[in-house]
1. Counting pairs of alpha carbon atoms under 8 Å apart in space and at least six apart in sequence, what relative contact order in percent does the chain give?
2. Which of the three applies to segment 54-115, rounded, prolate or oblate, going by the alpha-carbon gyration tensor with a ≥ b ≥ c and a/c under 1.5 meaning rounded?
3. For the chain, with only Lys/Arg (+1) and Asp/Glu (-1) charged at the beta-carbon, what is the dipole magnitude about the Cα centre, in debye rounded to 20?
4. At 7 Å along Cα-to-Cβ for each site, give me the label-to-label distance between residue 33 and residue 72 in nm.
5. Taking the solvent-accessible surface of protein heavy atoms with a 1.4 Å probe, what is the per residue accessible area of the chain in Å²?
6. Build a GNM of the chain with springs between Cα atoms under 10 Å: which of 23, 91, 60 gets the top mean-square fluctuation?
7. At 1.4 Å probe size, what's the solvent-accessible area of residue 84? Round to the nearest 10 Å².
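The values are calculated or read from the model by the stated rules, or taken from the named source; none is laboratory data. Remember, it's a predicted structure, so these values are computed and weren't measured experimentally. FYI the Cβ positions are ideal-geometry reconstructions off the backbone, even for glycines, and counts take in every protein chain you see. What goes into the accessible areas is simple: the full protein's heavy atoms, side chains included, and nothing from ligands, DNA or RNA. Shrake-Rupley method; radii C 1.70, N 1.55, O 1.52, S 1.80 Å.
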Amino acid sequence: QVQLVESGGGLVQAGGSLRLSCAASRTIFSINIMGWYRQAPGKQRELVADITSGGRTNYADSVKGRFTISRDNAKNTVYLQMNRLKPEDTAVYYCNTVYVGHNYWGQGTQVAVSS
């Protein structure tokens, strides 16, 4: 079992930056893929970015060049650095992983970007 706890959300003006953190309750060294998803009001949850244990990254087209995902296996933490934020980035951001065939989600952290 894996518990995921997100932090770092908040209210920021357009063009600003935030850094989200996802702390896992167990070592993530052996966990292949960890990802960030988001869900805006009235919309489906969507993948923002994910990262493999080997450091390979994948981004949604809408955040490429603005967001950076990284992982620190020693701290069991995954980060999402979000730069040049836009109002359309407003959403609840969730950390996700699949471990031993089970899908795990954090409780989410709210990001609000004002214009």
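1. RCO, the chain: 37 percent.
2. Working: a/c = 2.05, a/b = 1.51, b/c = 1.36.
Prolate shape, in that a/c is at least 1.5 and a/b is the bigger ratio.
3. On the way: 12 positive and 7 negative charges, 27 e Å.
That gives a dipole near 120 debye.
4. 2.5
5. 53
6. 60
7. Result for residue 84: roughly 140 Å² accessible.
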